[in-house]
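To start, the structure itself, in structure tokens.
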């Protein structure tokens, strides 16, 4: 099993951390960009102020002189032309097409950003009084270079963060998975019926250790309850059967009343059957879904029990049919299955009358083995269908007709079916009673 | 020639039941030794007893759990578990853990006698491998799985053959319905109705039609296979 959830969580955490870091870096980037642009603008302003002062003193001549002096640094773009757009001074020979002159003074208004010869510039363009075009600009290349390396750094950091997140996440998922696998293994063992299974070794002092401790405490409790249930049924058996045993011994000493003693013995045997059925039902219910089942040849058990009851049914005048596919295997308890079939068939024989039919079919249907016992007898009263498998359910008509029973037979059938994970149902039929049991294949 | 009586060990904590079992044992002509705790019983078990009657919920533990220990200590006796843990599951558990027979309490004195006799007989019959069992005019061929009366073949079903074989192994003794259900059908629960009677009745009719009255009803608890007495 993959640690899907843990992996998702780790991926989410890594993404969240990376996104937050990138957001913080983005804000910083904006700040740096603004500051650097401001610094360039300030330098440009200083330049303009200087040229303005010179222009104040000696107009174009002073300006031409100053520009010629500075034109060679490369970080600036300077150009002064005459009325006919002939160069008077500056680093450029021709006017850059990307910028058009605006205004005629040395103020810091209308600063333009433009592209020229492969790089970005920040500058002002004017036409000075008398028709002299002037361009003063500062290069934005250093700013761009700084920002570019900043971007590269951010990308690299983001990548590293994601990779680290992935590594840490998968490691965390793996370690969490190992811890959870221990508990899952335990749960599997318990589900297979081993209530004594525990996680070996000491539990660590963390939340998983705490979970293991809690699961262990829970299992201890279940095991104790289960043991107590078993002990209780043993005790009930002992406390009931020991005095009955003494009674039987004493009955043997009574002479001259064989009928009465036989009746008393039959009553005792009956009482024991009721208690045994109750204990068998609770035992089968307690063991439900648990282990302890062995491969059983269901076909063989069905054939044996049928063989045991068929003469009884024939003697009663029932028409019997057995349709049993050979070698169908299940995981089960042979004795319980035999008891269940015996209860069902005995029940059917008890209620059917001469001339009724009784058929038992066992065949494979899809992923299951399907066992169907159908009779053409009186069936179940409609109001009893839902409660038929409850303990002590008896039809009033049986009590009137004097048919003996305790209403435990079908309850035991249901408990044994559940013990085997088999599905028990009463399909709707036109006449009689049909019981269907679907057994999981081995 | 007087021989020493067979010895039977009774491991049972309830004195009343122990005494009842002991009186049945003496009734069979055997001598009874009683142990009231499990350790005491285990210590005695290695002696030359023919049968050990073993209770389960004893002071000192569960008798069934001690069977392996007794065997390991050299007990060679047949073991009959006699216990209040009498549900089918308990019986199967006891037999799986090495008991030779399992009788739930409360038990009928006749049932106990029948079981003890069968075990005593099994102890002597072990190792014998007779293919042909002859009871006067009645012959049972074990390997061919056929029954003949006065040299005439009697058709029996496979189950009926197993039934007559079990009767033959216990010829002359009472065999109870519970014993038949356990040994012939290998079922360890009380089905409530006497299904066994129907089978015995059919076999009996077949034998009678062929001229043998070998199977007789024993008053009370079961049947006797007595082919020689009933000619």
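The values are calculated or read from the model by the stated rules, or taken from the named source; none is laboratory data. The model shown is predicted, which means the values in this text are computed figures rather than measured ones. Reconstructed Cβ throughout: ideal geometry from the backbone, glycine too, with neighbour counts over all protein chains shown.
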Report task. Tell me which of these residue B:182 doesn't satisfy, since it passes every other one: (1) within 14 Å of chain A (Cβ to nearest Cβ); (2) in a loop (DSSP other than H, G, I, E, B); (3) surrounded by 15 or more Cβ atoms within 10 Å (Cβ to Cβ). Result -> (2)
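Please tell me if residue A:386 is within 23 Å of residue A:365 (Cβ to Cβ) and out of contact with any strand residue (DSSP E or B) (no Cβ under 7 Å at 6 or more places or on another chain). Steps first, please.
On the way: within 23 Å of residue A:365 (Cβ to Cβ): no; out of contact with any strand residue (DSSP E or B) (no Cβ under 7 Å at 6 or more places or on another chain): yes.
In short, no.
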Query raised in the report: Pick from A:304, A:314: which is facing another protein chain (nearest Cβ under 9 Å), over 30 Å from residue A:188 (Cα atoms) and touching a strand residue (DSSP E or B) at 6+ places or on another chain (Cβ under 8 Å)?
Result: A:314
Requested in this report: State whether the residues of region A:225-242 include one that is part of a helix (DSSP H, G or I), modelled with pLDDT of 85 or more and within 31 Å of the chain's Cα centre (by Cα).
Outcome: yes
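Can you tell which of A:31, A:7, A:48, A:20 is surrounded by 12 or more Cβ atoms within 10 Å (Cβ to Cβ) and either assigned to a loop (DSSP other than H, G, I, E, B) or at pLDDT 85 or above (or both)?
Within the list A:31, A:7, A:48, A:20, the selection yields A:48.
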Query raised in the report: Looking only at residues in region B:187-200 that are assigned to a loop (DSSP other than H, G, I, E, B) and facing chain A (nearest Cβ under 8 Å), which one is farthest from residue B:161 (Cα to Cα)?
Result: B:192
Requested in this report: Return yes when residue A:147 is surrounded by 16 or more Cβ atoms within 10 Å (Cβ to Cβ) and either at pLDDT 90 or above or not assigned by TED's automatic domain parsing to the domain that holds residue A:82 (or both) and no when it is not.
Outcome: yes
Query raised in the report: Could we say that residue A:401 is in contact with a helix residue (DSSP H, G or I) (Cβ under 6 Å, 6 or more places away or on another chain) and surrounded by fewer than 18 Cβ atoms within 10 Å (Cβ to Cβ) here?
Result: no
Query raised in the report: Of the numbered conditions (1) surrounded by 15 or more Cβ atoms within 10 Å (Cβ to Cβ); (2) in contact with a helix residue (DSSP H, G or I) (Cβ under 9 Å, 6 or more places away or on another chain); (3) within 10 Å of chain B (Cβ to nearest Cβ), residue A:238 satisfies every one except a single condition; which is it?
Result: (2)
Requested in this report: Hey, can you tell me all the residues within region A:196-220 that are without any contact (Cβ under 8 Å) to a residue 24 or more places away in the chain, closer than 20 Å to residue A:174 by Cα and surrounded by 11 or more Cβ atoms within 10 Å (Cβ to Cβ)?
Outcome: A:199, A:203, A:204, A:209, A:210
Query - Selection status of residue B:160, over 16 Å from the mean Cα position of the chain (by Cα) and within 14 Å of chain A (Cβ to nearest Cβ) - result: yes
Query - Selection from region B:120-160 of residues that are crowded, with 19+ Cβ neighbours inside 10 Å and in a helix (DSSP H, G or I) - result: B:120, B:160
Query raised in the report: Which residues, counting only those in region A:221-235, are surrounded by 14 or more Cβ atoms within 10 Å (Cβ to Cβ) and in contact with a strand residue (DSSP E or B) (Cβ under 9 Å, 6 or more places away or on another chain)?
Result: A:234
Query raised in the report: Residue check, residue A:307 against (1) surrounded by fewer than 19 Cβ atoms within 10 Å (Cβ to Cβ); (2) farther than 26 Å from residue B:103 by Cβ, all met but one. Which one?
Result: (2)
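Out of all the residues in region B:79-101, which are part of a loop (DSSP other than H, G, I, E, B) and surrounded by 21 or more Cβ atoms within 10 Å (Cβ to Cβ)?
Across region B:79-101, the qualifying residues are B:84, B:85, B:86, B:87, B:99.
Suppose the filter is in the same structural domain as residue A:43 (by TED's automatic domain parsing) and either more than 56 Å from the chain's Cα centre (by Cα) or surrounded by 15 or more Cβ atoms within 10 Å (Cβ to Cβ) (or both); does residue A:80 pass it? Steps first, please.
On the way: in the same structural domain as residue A:43 (by TED's automatic domain parsing): yes; either more than 56 Å from the chain's Cα centre (by Cα) or surrounded by 15 or more Cβ atoms within 10 Å (Cβ to Cβ) (or both): yes.
Spelling it out, residue A:80 is indeed in the same structural domain as residue A:43 (by TED's automatic domain parsing) and either more than 56 Å from the chain's Cα centre (by Cα) or surrounded by 15 or more Cβ atoms within 10 Å (Cβ to Cβ) (or both).
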Report summary line: Filter region A:243-300 for residues that are within 20 Å of residue B:112 (Cβ to Cβ) and away from chain B (no Cβ under 12 Å); the one that is surrounded by the most Cβ atoms within 10 Å (Cβ to Cβ) is A:254
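Where in region A:324-442 are there helices (runs of 4 or more DSSP H), lying fully within it, with 2 or more residues that are within 14 Å of another protein chain (Cβ to nearest Cβ)?
Hits in region A:324-442: A:334-351, A:409-419.
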Query raised in the report: Do we have any residue at all in region B:91-110 that's on the phi > 0 side of the Ramachandran plot and more than 9 Å from chain A (Cβ to nearest Cβ)?
Result: yes
Query raised in the report: For region B:201-231, which residues satisfy the criterion of being within 12 Å of chain A (Cβ to nearest Cβ), without any contact (Cβ under 8 Å) to a residue 24 or more places away in the chain and in a helix (DSSP H, G or I)?
Result: B:201, B:205
